[in-house]
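In what follows, a single structure is set out as structure tokens and then discussed.
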Amino acid sequence: MNLRYNNPSKVAIIIYLILVIVLLSSAAVAEKMPESDQQIDLNLRDVDLKDAFRALADVSGVNIIADSSVEGKVTVKLKDVSFLKAMNLITKTNSLSYRVLDGVVIVGSSEKLKSNFEKKKTKIFKLENSDPEKVKENLSLLIKNKAIGINERTKSLIVTAYPNKLKEIGNIIEQLDHLQKQVIIEARIEDVSYDKLKDLGINWSFAKNRGDNKGEQISDTDIENGGSGILEIGDVSMNYTAIIRALKSTDDSTTLANPRIATIDGKEAVINMGQEVPILKSEKDDDGQTSTNISFRDVGTVLKITPRINNNQIRMNIKPEVSEVDHWEGSYPVINTKKVETNIIVKNGETIVIGGLISEKEINQLSKVPLFGDVPIFGELFKSRRTTKEKRELVIFITPRIIEDNGQADEEEKDFSASIHSKDKKDQ
């Protein structure tokens with residue numbers, strides 16, 4: 001086939017365009033990773049890294065610059081590999097990176113290359129659920145604190161970093177800013193006659209010896225005045241209702257409290273039942289003047305519980321404390337305190353019992369002959385007084401339930417309120 005062009009100027013334009021396209025294509029290729037046609041053999045033993053890159057440049061014909069951050073020695077034995085593979089192997093095994101600029105490969109540490117070739121960017125991350133201070137504390141292991149700012153009003157983090165680091169930080173923030181699960185803790189605190197428990201045949205040690213790992217006790221520490229007896233902990237989920245009915249069948253059991261409290265995973269919940277006792281403290285100043293200050297001390301029953309969720313199990317750190325005024329010495333109360341701390345693992349919705357918190361109380365009894373005992377003065381002859389000691393045991397039932405969302409928590413509260421009202425009607 002013969003092609004004939006009648007217009008010489010058109011032919012010149014076409015030739016010019018072809019040359020431009022070829023030149024542009026060559027320039028575009030030059031900005032990519034340089035390629036070497038030949039396969040590379042490299043055998044180096046305990047040489048400086050800079051010398052290793054110099055040897056690689058010699059055998060490949062590719063221009064390589066190692067910046068000041070390239071340090072240390074390396075041993076290399078490569079046979080019949082491409083230039084790209086050799087470069088990747090040497091840099092990665094020595095925690096180095098490289099960039100290509102105008103057909104030249106520049107090698108250095110990641111941070112040095114970033115500072116030379118990248119600009120830091122600033123991004124705002126708005127948090128939906130988490131505390132900005134807590135998230136910042138977690139991120140401080142990844143990035144310097146001065147690169148993270150907090151906007152309390154918008155509950156946002158302001159982070160300045162290199163683009164690839166910003167992406168990594170964004171992924172971590174997304175994981176940290178999840179909706180935290182809640183735990184609703186229902187507690188029932190009973191003050192029971194120790195002898196009555198024995199009469200009913202209730203022994204808390206049966207629960208912890210079932211061998212099914214329910215109510216597994218991790219640690220138990222007697223902090224202060226643990227009282228007589230040993231702390232007993234176990235699972236009573238299958239017998240909870242029966243035990244409560246047995247306790248209520250006698251007048252020797254008193255329900256001190258039946259509270260329900262919600263808390264976030266990992267946050268301490270405190271149930272405080274008691275009263276504040278005033279404590280007077282006198283002090284003299286430099287002029288000899290005496291001033292009296294009044295402080296208050298909580299006396300009663302305090303239950304502190306910190307739940308931690310792991311799948312469908314809940315690990316609880318439990319600190320029950322029982323205190324009472326034994327007697328007064330002038331204006332100062334002498335307070336007896338029993339404290340215990342324990343860690344226990346239960347499944348979601350199971351009930352565990354803490355027993356063994358035993359105290360001894362004095363009971364003053366008065367008996368008299370009807371009518372004669374009420375006669376003034378002479379009535380004392382027809383009265384008798386007796387002081388007896390009674391052992392009492394504080395029994396704490398705890399049922400934790402995992403709440404996935406606030407809606408479920410609201411439903412739980414409604415169910416609990418309904419159950420309380422129904423109990424009140426039955427008691428009436």
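Coordinate-derived values only; no laboratory data. This one's a predicted model, so the numbers in the text were calculated from it and none came from an experiment. As a convention, Cβ positions derive from the backbone with ideal geometry for all residues, glycine included, and neighbour counts pool all protein chains shown.
Packing, taken as the mean count of other beta carbons within 10 Å per residue, orders the peptides 336-344, 58-66, 351-359 from highest to lowest as 351-359, 336-344, 58-66. Among 108-114, 183-189, sorting by the average number of other beta carbon atoms lying within 10 angstrom of each residue, highest first, gives 183-189, 108-114.
Dipole size of segment 274-342 about its Cα centre, with +1 on Lys/Arg Cβ and -1 on Asp/Glu Cβ: approximately 700 debye, rounded to the nearest 20.
In terms of its C-alpha gyration tensor, segment 39-116 comes out oblate, because a/c is 1.5 or above while a/b does not outweigh b/c.
Cβ crowding within 10 Å ranks Leu56, Leu142 as Leu142, Leu56, fewest other Cβ atoms first. Taking only the C-alpha atoms of segment 119-177, Rg followed by Dmax gives 10.2, 31 Å.
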